[in-house]
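In what follows, a structure is listed as structure tokens, so that the remarks can point back to it.
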Amino acid sequence: NMYFINRLLNKSNVVFTSSCKEKGHSRTLILMVFSAAIGGTLQYGYNIAIINAPTVYIQRFINETCLERWGVALSFYQVTLIWTLVVSAFSLGGLAGALMGGPMAVFFGRKQALLLNNVFLIASTVLVLTCQVAGSFEMIVLSRFLVGVNSGVSMNVQPMYFGESAPKKLRGLVALSSAVFTALGILLGQVVGLTDVLGSEPHWPYLLASNAIPGLVQLLALPWFPESPRYLLIDRDDPEACARALRRLRGRAVPGAEMEEMLQEREQVAAGRGTRARRPWELFSDRALRWQLLSIVVTSSAMQLCGNDSIYFYAYYVFQEAGISASQIQYVTIGTGACELLSSLTCSLLIERLGRRWLLVGGYALMATWALVFTLALSLQGTMPGMPYLSMACVFAYILSFGMGPAGVSVILPAEVFGQTARPAAYMIAGSLMWLNLFLVGMAFPFVVGGLGSFCFLPFCAVCLLASFFVGAVLPETKGKSLQEITSDFDQLNSRAQGGREPVSMQA
């Protein structure tokens with residue numbers, strides 16, 4: 001290995017040292033994160049937020065379109081059914097994108113996959129801008145599906161790209177920027193959706209098409225930055241390109257230990273299953289990856305089943321009961337987006353100090369507590385003074401607790417606990433579960449509200465408690481550890497599950 005490294009250094013003129021003594025990291029890494037995220041996970045948050053403002057206008061367009069076609073006005077139930085299809089198309093597209101993200105990341109590379117992902121966005125923009133001229137609400141459904149595909153791909157590929165490009169001691173911070181940009185997208189979507197901006201009836205097509213602007217920024221900026229060094233070395237077997245990428249991402253000096261660690265991983269890959277990327281079903285059949293897989297299944301599912309998105313459903317009602325006028329609620333709602341952004345930024349400062357495990361445990365435990373208090377406040381609404389204000393405080397506290405841990409940490413776990421060849425398949429599984437559960441919660445929550453009333457958040461409380469217990473009991477800390485160290489921790493769990501036999505891991 002050392003002979004290979006020295007030979008490589010002479011060819012590429014890269015200065016490697018045993019430890020990087022430079023304070024701060026290359027400006028290239030920071031700009032790369034911004035360029036990828038602005039057209040990546042920011043789109044997920046932005047597209048969730050902008051669909052709320054034009055709800056009434058799109059429903060009116062649906063009814064008018066059917067009246068022009070068939071001369072019959074739709075009933076309220078029929079309009080609501082079509083609107084549900086419009087909203088659900090985003091989740092279904094996200095599921096398709098999650099399944100596509102892994103193969104795209106393997107075949108095209110992490111960076112190229114993010115760039116090609118904008119094809120779906122451009123197509124959706126054309127559809128939504130021409131739907132009124134064409135007199136077709138079906139184009140809105142297809143547009144939302146394509147936007148979902150775009151978000152599904154970026155939610156999988158971007159954390160992978162960041163996790164493989166960042167130095168070990170900043171891996172959590174850089175990867176967590178995905179959650180920060182998601183929260184920023186929600187806030188921007190809420191602002192752009194104001195009636196004073198693009199949230200009025202004449203402008204709703206431009207509101208839905210405004211997601212093309214971040215995509216255009218990414219297309220212009222991201223090509224100037226390097227591909228993932230690990231992808232170049234392990235998947236593409238191009239050590240010189242890997243060295244050049246590391247030099248740009250780290251500045252003028254790169255730790256020799258980092259390069260040696262990647263070379264060891266490449267050797268493990270070659271000794272195991274070769275450089276071929278693993279398939280999702282292969283992870284399920286590999287007993288040496290049982291607890292890694294179970295960990296991401298639980299954390300990815302809990303991220304959507306915890307009820308954070310459902311709290312936004314109640315926000316309008318809660319703010320209204322607190323005495324805020326209907327015309328002002330849209331401005332107060334921006335506070336929820338700002339709240340999630342603030343908590344994500346706070347989490348990014350704490351993740352390399354407290355670690356991933358305790359942020360998850362603490363975040364879910366706090367959410368369970370606030371779910372109980374929120375249930376109590378909703379039950380006593382109208383019978384005790386001050387309950388509307390307590391409900392409003394619970395809304396913000398719930399969102400803060402979610403952003404402080406589950407929102408960011410859940411996304412980066414597959415990048416930390418799986419090796420290079422298994423990582424795309426792990427993100428396919430995690431992303432698919434996230435989008436599938438988002439779809440199921442969106443479809444089921446209105447029925448849960450109808451059946452349980454003010455107790456509708458008790459199921460979410462149970463999910464948060466179970467997730468907190470599982471993470472605290474099972475998930476090892478990954479902060480500051482190499483893949484080999486993390487795999488060793490999981491091997492102990494897998495060994496106990498196999499009756500004390502040492503698992504033969506194909507992790508790399």
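The values are calculated or read from the model by the stated rules, or taken from the named source; none is laboratory data. Please read these numbers as outputs of a predicted model, since none were measured by experiment. Reconstructed Cβ throughout: ideal geometry from the backbone, glycine too, with neighbour counts over all protein chains shown.
Could you tell me whether the stretch 132-144 includes any residue that is farther than 30 Å from ALA245 by Cα, assigned by TED's automatic domain parsing to the domain that holds TYR231 and within 21 Å of the chain's Cα centre (by Cα)? Among the residues of the stretch 132-144, at least one is farther than 30 Å from ALA245 by Cα, assigned by TED's automatic domain parsing to the domain that holds TYR231 and within 21 Å of the chain's Cα centre (by Cα), which makes the answer yes.
Pairing each residue of the stretch 34-48 that is hydroxyl-bearing (Ser, Thr, Tyr) with any residue that is assigned to a loop (DSSP other than H, G, I, E, B), provided the two are 6+ apart or on different chains, yields C-beta distances under 7 Å for SER35/PHE225; TYR46/ASN211. If you check LEU349 against the conditions, is it modelled with pLDDT of 90 or more and in a helix (DSSP H, G or I)? Answer is no for this residue.
With respect to (1) surrounded by 18 or more Cβ atoms within 10 Å (Cβ to Cβ); (2) assigned to a helix (DSSP H, G or I), the lone exception for PHE469 is condition (1).
The number of residues in the stretch 392-428 that are more than 21 Å from GLU265 (Cβ to Cβ) and assigned to a helix (DSSP H, G or I) comes to 18.
Which one of these is at pLDDT 95 or above, of a type in the set (Phe, Trp, Tyr) and either on the phi < 0 side of the Ramachandran plot or crowded, with 20+ Cβ neighbours inside 10 Å (or both): PHE120, PHE107, PHE90? Don't jump to the end; show me each part of the working.
Values: PHE107 fails: at pLDDT 95 or above; PHE90 fails: at pLDDT 95 or above.
That would be PHE120, the only listed residue that is at pLDDT 95 or above, of a type in the set (Phe, Trp, Tyr) and either on the phi < 0 side of the Ramachandran plot or crowded, with 20+ Cβ neighbours inside 10 Å (or both).
Only one of the listed residues (THR487, THR421) is hydroxyl-bearing (Ser, Thr, Tyr) and within 22 Å of the chain's Cα centre (by Cα). That residue is THR421. Residues in the stretch 144-202 that are farther than 21 Å from GLY403 by Cβ, among the basic types (Lys, Arg) and out of contact with any Leu (no Cβ under 9 Å at 6 or more places or on another chain): LYS168, LYS169.
Once the stretch 283-307 is narrowed to residues that are closer than 26 Å to PHE439 by Cβ and at pLDDT below 90, the residue that is surrounded by the fewest Cβ atoms within 10 Å (Cβ to Cβ) is PHE284.
Kindly indicate whether any position in the stretch 248-266 is within 28 Å of THR41 (Cα to Cα), modelled with pLDDT of 85 or more and within 28 Å of the chain's Cα centre (by Cα). Checking the stretch 248-266: at least one residue is within 28 Å of THR41 (Cα to Cα), modelled with pLDDT of 85 or more and within 28 Å of the chain's Cα centre (by Cα).
Checking MET155, MET139, MET160 one by one, the residue that is farther than 12 Å from GLY94 by Cα, part of a helix (DSSP H, G or I) and at pLDDT below 95 is MET160 and no other. Of everything in the stretch 367-409 that is touching a residue at least 60 places away in the same chain (Cβ under 8 Å), out of contact with any Asp or Glu (no Cβ under 7 Å at 6 or more places or on another chain) and β-branched (Val, Ile, Thr), the residue that is surrounded by the most Cβ atoms within 10 Å (Cβ to Cβ) is VAL409. Applying a threshold of 7 Å to beta carbon distances and a minimum spacing of six or more residues, or different chains, the list of pairs starting in the stretch 83-112 at a residue that is touching a residue at least 24 places away in the same chain (Cβ under 8 Å) and ending at one that is outside any helix (DSSP H, G or I) and of a type in the set (A, V, I, L, M) reads VAL87/ILE51; VAL106/ALA277.
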